[in-house]
Amino acid sequence: MSGYADVLVGLQYGDEGKAKVIDILAPEYDIVGRFNGGANAGHTVATERGTAKLMQVPSAAFHEQKTLYIGSGCAVNVVKLAAEIAQLRELGVSMEGRLFISSRAALIQPHHLEVDRQEGRQIGTTGNGIGPCYADRAMRMRAGLRVGLQLKDLASDVGAVYSTIDGNARRLGNAALDSSELAASLEELDVAWQQVKSLVIDDPLFLTKKVRAGARVLFEGAQSVLLDVGYGDQPYVTASHTDPSFAYVGGDLNCRFHRKTIGVVKAIVSRVGMGSFPSELGGEKSADYCAAAAELRRGAEYEAGKYLPFELLKTGDGFELGVALRMLTGEYGTGTGRPRRIGLIDIPQLRQTIERFGVDEIFVNKVDCLRLFGETPAGKIPVVVKYLGTDQVPVLEELAVFDDAALRASTPASIADPVLAFVRLLQASLGCEVRALGTGPMRSQLIYFQREK
Ligand code: IMP
């Protein structure tokens with residue numbers, strides 16, 4: 001009997017804790033695949049063997065029986081991938097014979113990184129060259145190389161391409177590398193390529209054959225649906241399609257095998273980079289502050305030296321509440337260390353997202369963090385339930401807070417009333433099942449409502 005594929009995506013602005021959910025769900029699948037993005041996605045996986053910071057290797061890396069796949073929709077940074085693989089090897093986890101990379105994936109080249117570092121700042125990109133790489137692919141010039149077309153001598157091909165575009169000031173502008181920088185980049189690329197090239201496969205039916213033979217695939221979305229290059233609020237988006245339907249384009253499988261779409265939501269929302277964020281605490285002041293902090297490279301350490309978060313919780317000021325929640329819930333970029341903008345859970349936005357992308361069930365992470373609202377003057381959990389008028393003024397519903405004990409439940413029957421009230425509000429207003437609540441960073445800190453049928 002044929003297998004199937006499920007797609008898991010974040011439903012807000014990224015960093016919803018998808019990696020943790022995949023770690024929990026991995027036993028239900030045979031293959032975990034990536035279909036979009038590249039080293040702009042960052043997740044920390046903590047295990048008994050140690051902690052790995054992964055960007056491109058799918059999140060089920062530590063489930064050693066699972067096959068991992070990086071599809072043609074990804075933009076692969078070979079140098080960073082080799083470093084991730086080395087990090088995993090040090091922790092005793094091998095990728096040989098398990099990780100497969102589509103030869104059609106786009107290749108991140110030195111000029112993509114340079115152009116993004118120069119120009120991406122205007123919208124707050126992660127600086128990983130993602131936009132320029134996909135742009136080169138869409139331009140269909142030789143500058144847009146694929147991972148698998150250079151199975152022999154990647155570095156010299158990249159060098160040859162670079163010299164053609166370097167002659168063209170219009171394309172590189174201030175981002176041109178001098179010859180010694182270029183030579184160092186190419187050498188680094190060459191060393192990394194020797195580590196990675198055996199993982200590249202040139203078989204467009206790789207996943208199809210496996211699924212036909214019964215494999216169950218979980219596609220892991222990078223970034224989140226609101227950052228989709230088409231759907232999101234241009235230009236403050238990533239450069240790939242994050243829409244779950246794109247899993248069947250960038251993941252190299254036909255959509256006939258789709259079974260369901262799983263969404264991951266965070267109970268307190270965050271966003272890095274610029275762009276609209278209607279439920280942001282402190283509004284424009286928070287957006288400006290976080291943009292300036294990113295520019296000045298001020299992150300967790302700076303804020304810890306400047307603010308007393310439990311004092312800020314008490315002031316009743318939106319901006320200060322946002323700073324406090326960021327500090328107390330660790331909301332700083334995994335790759336960049338940037339302070340993330342913080343906002344309230346936004347029901348109207350989630351409802352629209354779930355409807356638009358056909359989400360069947362959700363996991364809600366960081367529910368434990370809601371208890372911090374108990375320290376605020378109102379002492380209640382505010383949830384945005386609608387927006388009013390042309391100014392789109394948020395209307396809040398306030399829910400009773402819950403304490404740690406309420407979150408220690410392990411079965412739905414033992415869940416305390418205030419937690420249930422939160423879940424009921426989500427189920428009633430979102431029109432989709434809440435499958436589980438995340439109540440802490442550990443795999444065990446999860447309350448299931450619905451077991452896999
Ligand atoms: P890029 O993907 O590096 O081009 O950045 C474009 C936008 O997407 C910026 O606002 C980034 O902060 C955001 N972004 C990219 N990757 C992630 C992620 O993994 N989590 C959250 N935001 C991201």
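What are the ³J(HN,Hα) values, in whole Hz, obtained from phi via the Karplus relation 6.51 cos²θ - 1.76 cosθ + 1.60 with θ = phi - 60°, for each residue of segment 383-389 in sequence order, with x given for Gly and Pro?
With the stated coefficients, segment 383-389 comes to 10, 6, 10, 7, 10, 10, x Hz.
Leaving out ligands and nucleic acids, note down the accessible area per residue over the chain with a 1.4 angstrom probe, in whole Å².
Computed with neighbouring chains in place, this is 43 Å² per residue.
Quick one: helix 179-196 against the long Cα principal axis of the chain, what's the angle to the nearest 10°, folded into 0 to 90?
80 degrees
Find, to one decimal place in angstroms, the Kirkwood hydrodynamic radius of segment 1-79, where the mean of 1/r is taken over every pair of different Cα atoms and then inverted. Numbers along the way, then the final one.
Working: mean 1/r = 0.0748 Å⁻¹.
Computed over segment 1-79, the radius equals 13.4 Å.
Under 5 Å between amide hydrogens, which residues at least 5 positions from L446 or on another chain qualify, with H placed 1.01 Å from N in the peptide plane?
T439
Show that you can apply the helix-only estimate: for the chain, add -39,500 (n - 2.57) for every DSSP H stretch of four or more residues, divide by all residues, and state [θ] at 222 nm to the nearest 500.
So the calculated ellipticity at 222 nm is -9500 deg cm²/dmol.
Ignoring ligands, DNA and RNA, what percent of the accessible area of segment 280-341 is carbon or sulfur (1.4 Å)?
Carbon and sulfur together cover 51 percent of it.
Report ³J(HN,Hα) in whole Hz for each residue of segment 400-409, in order, from the Karplus equation J = 6.51 cos²θ - 1.76 cosθ + 1.60 where θ = phi - 60°; Gly and Pro get x.
5, 7, 10, 9, 4, 4, 5, 9, 7, 4
For helix 154-166, report the angle its Cα long axis makes with the longest principal axis of the Cα atoms of the chain; keep it between 0 and 90° and round to the nearest 10°.
Helix 154-166 and the main axis of the chain meet at about 90 degrees.
Whole-Hz ³J(HN,Hα) for each residue in segment 117-132, computed from phi via Karplus 6.51 cos²θ - 1.76 cosθ + 1.60 with θ = phi - 60°, x for glycine and proline: what do you get?
4, 7, 9, x, 4, 4, 10, x, 5, 7, x, 9, x, 5, x, x
Calculate the length of the line joining the C-alpha centroid of segment 50-72 to that of segment 391-453, in whole Å.
28 Å
Measure off, as a whole percent, the carbon and sulfur share of the 1.4 Å-probe accessible area of segment 106-196, all protein chains present. Walk me through the intermediate numbers first.
Working: 2350 of 4700 Å².
Accessible surface attributable to carbon and sulfur in segment 106-196 totals 50 percent.
The values are calculated or read from the model by the stated rules, or taken from the named source; none is laboratory data. Because the structure is predicted, anything quoted here is derived from the model rather than measured. For the accessible areas, the whole protein counts, side chains as well, though only heavy atoms, and no ligand, DNA or RNA atoms are used. Shrake-Rupley method; radii C 1.70, N 1.55, O 1.52, S 1.80 Å.
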